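Working notes for the structure below.
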Amino acid sequence: MAAEQSAEHFRGQARLPGFAAPRRYDLRLTPDLAACTFAGSVSVSVDVAAPTRFLVVNAADLDVSPGDVHFAPKGSGQVLLPVEVTSALEDEILIIRFNEVLPLGEGTLVIAFQGTLNDKMKGFYRSVYELNGEKKNMAVTQFEPADARRCFPCWDEPSFKAVFKITLEVPCETVALSNMPVVEEKVNGPTKTVYFQESPIMSTYLVAVIVGMFDYVEAFTADGTSVRVYTQVGKSAQGKFALEVAVKTLILFKEYFAVPYPLPKMDMIAIPDFASGAMENYGLVAVVVAHELAHQWFGNLVTMEWWTHLWLNEGFATWVSYLAADRFFPEWNVWIQFLEESTTGFRLDALAGSHPIEVDVNHVDEIDEIFDAISYRKGAAVIRMLQSYLGAEIFQKSLAAYIKRFAYSNAKTEDLWAALEEGSGEPVKTLMHSWTKQQGYPVVSVKLKDGKLELEQTQFLSSGSEGVGQWVVPITLCCCSYSVQQKFLFRGKQDDFNLSGLVECQKKDDFWIKLNVDQTGFYRVSYDEELASRLRHAVETNILSAADRYGVLDDTYALCMAGKQKLVTLLHLIAAYKNETEYTVLAHAINTSLSIYEMMAVAAPEELVNMKKFLIDFLEPFAQRVGWDAKSGEGHLNALLRGTLLSALAELGHQSTIDEAVRRFNVFLEDRETPLLPPDVRKAAYVALMQTVNKSNKSGYESLLKIYRETDLSQEKVRVLGSLASSPDPDVVREALNFLLSSEVRNQDCIFVLRGVTAAAHEVAWTWLKENWDYIAETFTGHLLTYFITVTVSPLATDEKGDEAEEFFKSRTKASIARTVKQSIERVRIKAKWVMSTKGEADLGNVLKELAHKH
């Protein structure tokens with residue numbers, strides 16, 4: 001029993017001991033915005049369930065002295081003082097030892113503490129904003145997954161749900177926000193004490209506190225819930241769109257989950273501002289708002305029992321956010337944009353160093369690394385696969401039953417499968433275990449023989465290796481038309497299927513067959529040569545749906561990179577998209593083309609002239625059609641397409657695009673309001689401008705820095721940052737990379753500069769990363785640090801560079817980056833293999849010549 005243990009026993013454990021649990025927190029915080037510190041005290045009603053002389057809570061980066069801690073058993077009239085308070089730094093726990101065994105039942109643990117408002121964007125941190133030209137600090141919390149412990153001592157695990165009563169002592173002129181509405185404010189000279197209503201029962205990672213200067217816009221739902229969007233002072237108009245989406249979303253989700261929104265108010269806050277001038281933000285805002293609001297039910301009301309089930313929280317919220325955006329803005333075709341999300345998951349999950357959706361988290365340190373494209377993207381994609389296989393109505397009803405059953409408590413992944421199995425009669429648990437418990441996904445190979453469909457599944461790996469996984473695959477297929485769809489579960493390694501109507505359909509001249517209709521399944525399909533050429537024809541004649549046109553291209557690209565199909569097959573397929581009308585599909589064709597171009601710079605530099613000609617000839621007609629200037633009444637996607645196309649042409653060195661960009665940019669430099677360079681094409685113009693910059697002529701680079709320093713819109717800053725490293729001159733790229741480490745660039749914005757490095761400079765960026773590693777590893781944490789590695793190492797394309805990276809990280813890897821390092825080096829090896837297989841394609845030169853001149 002815990003009464004006999006020593007403090008040592010609690011070190012190195014994955015989870016807190018279960019002998020005591022919190023029921024209610026009374027938390028008081030006093031942030032000092034000028035000194036960037038805070039003081040606080042917490043009084044926790046604790047249920048002691050087993051005899052113990054210890055209480056163990058999470059705490060990190062907080063100062064607690066033994067005299068600041070006491071425990072009062074309920075109704076005893078006594079106050080117990082600890083004999084020892086030990087802070088175990090690496091475990092982020094506070095071990096409180098008492099002389100006597102604590103009485104069972106309720107008691108109150110009181111702890112006073114001090115902390116720093118850090119600049120690490122986690123815990124209770126500071127964010128800088130400008131008010132009337134003066135820099136000010138705001139205090140903000142970000143606790144997910146496990147950083148509430150950096151703000152106050154607590155049981156910082158999702159299953160320890162409790163109620164929270166929060167009180168803040170803040171400067172009079174500031175706005176103080178928390179999860180619940182304000183009950184009372186008392187002014188006391190220059191400060192005020194703000195008392196908030198007690199919260200419903202919830203996990204610590206959901207506690208939120210914000211103190212700063214804000215304006216807001218407000219609306220109400222029909223049942224009286226107040227919805228506010230807080231913005232920087234003077235910019236409340238920018239919150240209007242988010243407000244509109246939030247109100248609609250709360251109404252939709254109340255109906256979808258069949259449970260009302262569980263709180264009396266909903267506040268959202270944009271910490272950096274976004275520029276409402278750029279259309280591209282609207283789609284993003286709608287999806288982000290819906291994602292976060294979905295968590296109010298799926299995550300906050302029903303919470304995962306432990307971080308192993310994190311994927312369900314995130315995957316589900318990602319999927320349902322698209323459901324909402326599609327309901328409100330059907331003209332945006334968001335499900336096709338969802339495919340871009342799935343593609344990120346596909347890419348990561350085709351690595352040997354991937355992980356199952358459901359990962360056993362043994363230590364809180366590992367959580368950061370599983371908040372990745374697998375938990376979000378693949379998680380969302382397999383939920384979509386299940387929903388489209390079971391049918392929308394059955395799925396929604398079963399989901400509502402699950403939420404009712406687990407409201408205000410915790411659930412495991414299996415609990416959701418049980419509810420869906422009950423509602424549908426399908427073997428959901430068996431089906432989904434094959435997708436969540438093992439990593440990777442299958443490629444289904446299809447042959448047509450004697451009117452029978454021959455299917456075979458193998459695990460798909462980008463390296464071209466054979467994997468051992470096997471799945472229960474929900475197959476959907478169409479033949480010659482979308483009017484009849486067939487569905488079945490493919491469980492074996494290989495199987496033949498006799499499908500009704502197949503023989504009839506096969507007799508038609510324009511016969512085609514497409515598996516994984518509308519790409520709702522998380523698997524790839526490889527067709528035999530005959531079926532593939534018929535699909536290519538269906539792409540060219542625009543018979544396939546946009547999602548299927550996207551899928552055919554994405555699968556072929558992936559199979560080509562894995563050495564399972566020839567590059568010339570992929571190039572012929574890209575040429576078939578010359579009449580493409582859908583933004584997401586064309587953008588994918590552009591990105592695929594640029595990635596082939598990048599690979600060929602290493603594999604076959606002598607073919608680049610023809611490759612460039614083929615790509616420019618392919619893109620130019622589209623660019624002429626959309627032009628530089630918006631047309632009246634054009635859709636939001638056309639605006640996105642314009643930027644993507646012009647950026648690609650600029651990167652390929654297309655002279656007339658570069659000249660026009662520079663002309664417009666020069667006007668913009670003199671007059672920021674000019675209609676010649678609206679936000680949609682600004683990034684493309686900046687990239688084009690950077691093509692003219694080299695170390696002896698840096699005026700374009702200097703002009704962009706001037707814009708960066710003069711604007712107060714974070715969206716504009718991000719556009720500039722994303723262009724700075726796109727010069728073909730390595731010296732300029734190095735200067736841009738050094739700039740990102742300066743105090744002028746906020747930590748979370750550094751990734752935009754790294755992302756902008758183009759093919760010519762990957763090795764420069766890698767050298768730079770090695771030289772600056774010690775500083776970077778010390779300054780950046782969590783996602784930001786892993787991002788530096790992914791973006792800099794992954795694009796390298798020779799085994800020699802892979803060896804270099806292995807050698808470099810051998811002595812520099814710690815747990816939080818180990819998986820990222822491994823995956824990034826694997827990507828280098830895959831690219832190196834692709835380079836080798838491309839070198840072996842004897843007919844590549846002739847095919848490129850033919851394509852370059854045919855267009």
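The values are calculated or read from the model by the stated rules, or taken from the named source; none is laboratory data. The shown structure was predicted, so the numbers you read here are calculated from the model rather than taken from an experiment. When we count neighbours, we look across all protein chains shown, and the Cβ atoms used for this are built from the backbone with ideal geometry, even at glycine. Just the protein is used for accessible areas: all its heavy atoms, side chains included, with ligands, DNA and RNA removed. Shrake-Rupley method; radii C 1.70, N 1.55, O 1.52, S 1.80 Å.
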Extended-chain gain in nm, criterion 0.36 nm per residue less alpha-carbon gap, D528 and L489: 11.9 nm
Binned Cα-Cα distance frequencies in the chain - 10 Å width, integer %: 2, 11, 20, 25, 21, 13, 6, 2, 0, 0
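At most 13 other Cβ atoms within 10 Å and a DSSP loop assignment: could you name the GluC sites (Glu not before Pro) in segment 444-481 that fit?
On the way: sites: E454, E456, E466; in loops: E466.
For GluC sites (Glu not before Pro) across segment 444-481 that sit outside H, G, I, E and B with at most 13 neighbouring Cβ atoms in 10 Å, the list reads E466.
If you wrap a convex hull around the C-alpha atoms of segment 182-253 and split its volume per residue, what is the figure in Å³? Can you show the working numbers first?
Details: hull volume 10.0 nm³, N = 72.
Per residue, the Cα convex hull of segment 182-253 comes to 138 Å³.
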Under 14 Å from K706, Cα to Cα: aspartates and glutamates that are on another chain or at least 8 residues apart: E670, D671, E716, E744
Table column - 3J(HN,Hα) (Hz), segment 381-398, Karplus curve with 6.51, -1.76, 1.60, x for Gly and Pro: 5, 6, 5, 5, 4, 5, 4, 6, 6, 6, x, 4, 6, 4, 4, 5, 5, 5
Acute angle (nearest 10 degrees) that the helix 730-740 long axis makes with the longest principal axis of the chain, alpha-carbon atoms: 20
Derived scalar couplings ³J(HN,Hα) [segment 74-82; Karplus, 6.51 cos²θ - 1.76 cosθ + 1.60; whole Hz; x for Gly, Pro]: 5, x, 8, x, 9, 10, 9, 9, x
Residues in segment 82-103 that a label on A72 would reach, taking backbone N under 17 Å of a point 7 Å out along Cα→Cβ: 82, 103
Kirkwood Rh, angstrom, segment 213-422 [1 / mean 1/r, Cα pairs]: 18.1
Positive minus negative residues near K698 (Lys, Arg vs Asp, Glu; Cβ under 10 Å): -3
Degrees separating the helix 782-793 axis from the principal Cα axis of the chain, which is the longest one: 20
For segment 244-259, Karplus couplings with θ = phi - 60° (6.51, -1.76, 1.60), whole Hz, Gly/Pro x: 4, 5, 4, 5, 4, 5, 4, 5, 4, 5, 4, 6, 5, 8, 6, 9
Mean shadow area of segment 631-683 over all directions, Cα convex hull, nm²: 3.7
Rg/Rh for segment 115-197, where both radii come from Cα atoms and Rh is the Kirkwood radius: 1.00
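Could you estimate the translational diffusion coefficient of segment 1-53 from the Stokes-Einstein equation, with Rh from the Kirkwood formula over C-alpha pairs, at 4 °C and 1.567 mPa s, in whole µm²/s? Show your work: numbers first, answer last.
Values: Rh = 13.9 Å.
In µm²/s, the coefficient rounds to 93.
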Aspartates and glutamates with Cα under 15 Å of K493, excluding same-chain neighbours fewer than 8 positions away: E454, E456, E466
Calculated Rg and Dmax of segment 1-152 using C-alpha coordinates, Å: 17.1, 61
Between segment 369-444 and segment 5-63, the Cα center-to-center distance that results, in Å: 34
Cross-link partners of K404 among lysines (Cα-Cα below 19 Å; sequence separation of 8 or more within a chain): K161, K254, K412
Nearest-0.05 FRET efficiency for E466 and A39, computed from C-beta distance (R0 56 Å): 0.40
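What percent do you get for the relative contact order of segment 361-469 when only Cα pairs under 8 Å and 6+ apart count?
Values: 79 pairs, mean separation 16.0, N = 109.
Reported relative contact order: 15 percent.
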For segment 440-563, Kirkwood radius (reciprocal of mean inverse C-alpha pair distance, Å): 14.7
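At 0.36 nm per residue, and after removing the present C-alpha to C-alpha distance, how many nm does the segment from Q624 to A407 gain when stretched out fully? Display every interim value, and only then the final one.
On the way: separation 217, 0.36 × 217 = 78.12 nm, distance 5.49 nm.
My answer for the length gained is 72.6 nm.
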Anisotropy class of segment 299-351 from Cα gyration tensor, a/c 1.5 cut: oblate
R0 of 25 Å, Cβ-Cβ distance D496-K397: FRET efficiency to nearest 0.05: 0.10
DSSP bridge orientation in segment 213-422 - percent antiparallel, rounded to nearest 5: 45
Local electrostatic count at A419 - Lys and Arg +1, Asp and Glu -1, tallied over other residues with Cβ under 15 Å: -1
Accessible area of the chain divided out per residue, in Å², using a probe of 1.4 angstrom: 39
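Just the Kirkwood number for segment 756-854, please: inverse of mean 1/r across all distinct Cα pairs, in Å, one decimal. Mind showing how you got there, number by number?
Working: mean 1/r = 0.0668 Å⁻¹.
Taking every pair of different Cα atoms in segment 756-854, averaging 1/r and inverting gives 15.0 Å.
Of K449/K839; K566/K801; K508/K839; K120/K378; K487/K854, which ones are farther than 30 Å apart at the Cα? If you can, show how the numbers build up before the last one.
On the way: K449/K839 34 Å; K566/K801 25 Å; K508/K839 39 Å; K120/K378 28 Å; K487/K854 41 Å.
Over 30 Å apart, Cα to Cα: K449/K839; K508/K839; K487/K854.
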